[in-house]
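Comments concern the structure below.
What follows is calculated from the coordinates using simple rules that are stated; it is not laboratory data. None of the values given here were measured: they were computed from a predicted structure. Neighbour counts are summed over all protein chains in view; Cβ atoms, including those assigned to glycine, are modelled from backbone coordinates with ideal geometry.
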Amino acid sequence: GIQVEQSPPDLILQEGANSTLRCNFSDSVNNLQWFHQNPWGQLINLFYIPSGTKQNGRLSATTVATERYSLLYISSSQTTDSGVYFCAVGGGATNKLIFGTGTLLAVQP
Amino acid sequence: DTAVSQTPKYLVTQMGNDKSIKCEQNLGHDTMYWYKQDSKKFLKIMFSYNNKELIINETVPNRFSPKSPDKAHLNLHINSLELGDSAVYFCASSLGTSRGEKLFFGSGTQLSVL
């Protein structure tokens, strides 16, 4: 099955700093999504991005499908950005998504 | 109104008991899922239903039985609970199963088996 690797596993930032999170996957996919799990456990869908670039406020994401990776950019980080960021890939006839192991982000004031 | 809602939020029970978790979505989606998140935060799909039909059934003990009475509801029943079943269980939904469907998650049910 598809393997999904995320890096770095942990990241500590000062408020206001920028960061880049990476997701590598082992096979071609037609579905790639980024999620944020906040400290209260809620999973929020950030982007659906199987290819190309999207932006939403301080967050943006780029997927280079031919090279099997995706990047999530967080600019001017805030303490509310803390939590775990997951990349999920897959799709196919059943829309089955395989999740990566996540990046744990802590933004300090 | 909450888009994907699960009940209960917390479930504490003894080994050997039978318990159910309920999930409902008001998004008009056709597809619903159950995911399990273990203590290391790893998320793994368990089941998926599309319009009440089971379409994904991962390697899950048969003590776990999903039921979808209609496309807006997907419940999870667990028999003879074991310590290893302790985890957070998330329900999710998507518009359908064609390529590129975004997943929307409920707030999770934290199951603790003592």
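Explain nothing, just the number: relative contact order of the range B:1-110, from Cα pairs under 8 Å at least 6 residues apart, as a whole percent. The partial results should precede the final answer.
Values: 255 pairs, mean separation 38.9, N = 110.
Value for the range B:1-110: 35 percent.
Could you tell me which of rounded, prolate or oblate describes the range B:28-67, using a ≥ b ≥ c as the square roots of the eigenvalues of the alpha-carbon gyration tensor, with rounded for a/c under 1.5 and, failing that, prolate when a/b is larger than b/c and oblate otherwise? Please list the in-between numbers first.
On the way: a/c = 2.78, a/b = 1.51, b/c = 1.83.
Here the range B:28-67 falls in the oblate category.
How are the Cα pair distances of the protein assembly as shown distributed, in percent, across 10 Å bins from 0?
That works out to 8, 33, 35, 19, 4, in percent per bin.
What does the charge dipole of chain A about its Cα centre add up to, to the nearest 20 debye, if the Cβ of each Lys and Arg holds +1 and the Cβ of each Asp and Glu holds -1?
Numbers: 5 positive and 6 negative charges, 45 e Å.
Roughly 220 debye for chain A.
Would you work out the relative contact order for chain A, in percent, from Cα pairs under 8 angstrom that are 6 or more residues apart? Mind showing how you got there, number by number?
On the way: 285 pairs, mean separation 40.7, N = 109.
Here the relative contact order equals 37 percent.
Antiparallel DSSP bridges in the range B:25-64: what percent, to the nearest 5?
Numbers: 11 of 11 bridges.
Of those bridges, close to 100 percent are antiparallel.
Only counting other Cβ atoms within 10 Å, I'd like A:PHE86, B:PHE104 sorted with the fewest neighbours first.
Working: A:PHE86 27, B:PHE104 19.
Neighbour counts put them in this order, fewest first: B:PHE104, A:PHE86.
What are the extents of the Cα atoms of the range A:21-79 along their three principal axes, in Å, largest first?
If we take the Cα atoms of the range A:21-79, the spans are 34, 23, 15 Å.
Sort out the exposed loop GluC sites (Glu not before Pro) in chain B (DSSP loop, at most 16 other Cβ within 10 Å) and tell me the longest stretch that has none. Kindly include the intermediate steps, with their values, before the conclusion.
Working: sites that count: B:GLU58, B:GLU82.
Value returned for the longest uninterrupted segment is B:1-57.
For the range A:63-109, what is the per residue volume of the convex hull drawn over the alpha-carbon atoms, in cubic angstrom? Present the calculation step by step, with values, prior to reporting the outcome.
Values: hull volume 4.2 nm³, N = 47.
For the range A:63-109, the hull spanned by Cα atoms encloses 89 Å³ per residue.
Pick out, from B:LEU74, B:SER98, B:ASN26, the residue whose Cα sits farthest towards the positive end of the charge dipole of chain B, with +1 on the Cβ of Lys and Arg and -1 on the Cβ of Asp and Glu.
B:SER98
Using unit Cβ charges (K, R positive; D, E negative) and no other charged atoms, how large, in debye to the nearest 20, is the dipole of the protein assembly as shown about its Cα centre? Could you put the intermediate results ahead of the total?
Working: 18 positive and 17 negative charges, 24 e Å.
It comes to approximately 120 debye.
Compute for chain A: radius of gyration divided by Kirkwood radius, i.e. Rg/Rh, restricted to C-alpha atoms, rounded to two decimals.
Working: Rg = 13.3 Å, Rh = 13.8 Å.
With Rg and the Kirkwood Rh in hand, the quotient comes to 0.96.
Would you mind listing how long chain B runs along its three principal axes, going by Cα atoms, in whole Å with the largest first?
39, 29, 28
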